[in-house]
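Here the structure is laid out as structure tokens; the discussion comes afterwards.
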Amino acid sequence: MEKRSEVKNQPVWHSKQGEFVRCVEEKAETLDAAASKGGFTREKIWKQYYSAKDTFYAVIPAKKFDLIWKRAQSCPSFLCALPRREGYEFFMGQWVGTELHYTALINVQTRGEGAGSQLILYHYLELQKEKGIVLMTAEMDTSFLNVVEAHCLANQVKLFYATDRPELYDLVETFNHRPSEFKYMAVIAELEQNGIGKELRPDGDFENV
């Protein structure tokens, strides 16, 4: 998509999230000298940096991200469901480089390639080899999503892309390669079974795992 192509071509420092990466790089020598667990020191700073911001973050083990990334290459898109007061709203997830863009399905259907992203997950690979972690944070359209709702969508990456259950990743493969066989309700069933988004449903009809 045109807008997403522009984002893909921008260097990381054009992103609002890039300021943290620059901060870490500038202080890297001080951090490494201050503690022997360098990766964990940076992890702590990452959490402190974003804990006061209207967003969320994650520190992903490198091996888990490797699995997600490998699968994203062959299956770059997926349909996620967000629980609403009545029913669900679907969002299209689309990988653009190491960024994962979420766009409301209704916007995709009505605006096509002009549909903008309501949520972007940024993944930073600078510490992947050296420290065994990948840093992630989110940028969202707060007029469309709050932090809890955005986090619910992000959790579905772990559920469907990082799973060791073949039937879960099969949903992703079906959506990408056999779309006529894809069943929307299968996504909803997995969310309910795994309790993802339970806090968004006032009736509390999700089952805990």
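Taking the Cα centre of region 54-135 as origin, sum charge times position over the Cβ atoms of Lys and Arg (+1) and Asp and Glu (-1), and report the length of that vector in debye to the nearest 20.
That gives region 54-135 a dipole magnitude of about 280 debye.
Please give the Cα centre distance for region 161-190 versus region 129-144, rounded to the nearest Å.
24 Å
May I ask for the distance between the Cα centers of region 55-75 and region 93-124, given as a whole number of Å?
17 Å
If you place +1 on the Cβ of every Lys and Arg, -1 on the Cβ of every Asp and Glu, and leave all else neutral, what size is the dipole of region 150-204 about its Cα centre, to the nearest 20 Debye?
Dipole size: approximately 120 debye.
With the contact rule set at Cα under 8 Å and sequence spacing of 6 or more, what percent relative contact order holds for region 97-209? Provide the component values of the computation, followed by the final result.
On the way: 110 pairs, mean separation 16.6, N = 113.
Once divided by the residue count of region 97-209, the mean separation gives 15 percent.
Which value, in Å² and to the nearest 10, is the accessible area of ASP170 when all protein chains are kept and the probe is 1.4 Å?
Accessible area of ASP170: about 60 Å².
Which residue, chosen from LEU159, GLY132, LEU171, occupies the Cα position most advanced towards the positive end of the dipole of region 86-176, where the dipole is computed from +1 (Lys, Arg) and -1 (Asp, Glu) charges on Cβ about the Cα centre?
Positive-most Cα among the choices belongs to GLY132.
Report, to the nearest whole %, how much of the accessible area of region 76-195 belongs to carbon and sulfur atoms, 1.4 Å probe, protein only.
Carbon and sulfur together cover 49 percent of it.
Can you work out the accessible area per residue across region 91-209, with the rest of the protein chains kept in place, probe 1.4 Å, in square angstrom?
Ligands and nucleic acids excluded, the result is 48 Å² per residue.
According to the square roots a ≥ b ≥ c of the eigenvalues of the Cα gyration tensor, what is the shape class of region 102-209, taking rounded for a/c under 1.5, prolate for a/b larger than b/c otherwise, and oblate for the remainder?
rounded
Place the peptides 189-199, 93-103 in order of packing, highest mean first, counting for every residue the other Cβ atoms within 10 Å and averaging per peptide.
Ranking, from highest mean packing down: 93-103, 189-199.
The values are calculated or read from the model by the stated rules, or taken from the named source; none is laboratory data. Here the structure is a predicted model, which means the values were calculated and not measured. Every residue, glycine among them, receives a Cβ derived from its backbone with ideal geometry; neighbour counts consider all protein chains shown. For the accessible areas, the whole protein counts, side chains as well, though only heavy atoms, and no ligand, DNA or RNA atoms are used. Shrake-Rupley method; radii C 1.70, N 1.55, O 1.52, S 1.80 Å.
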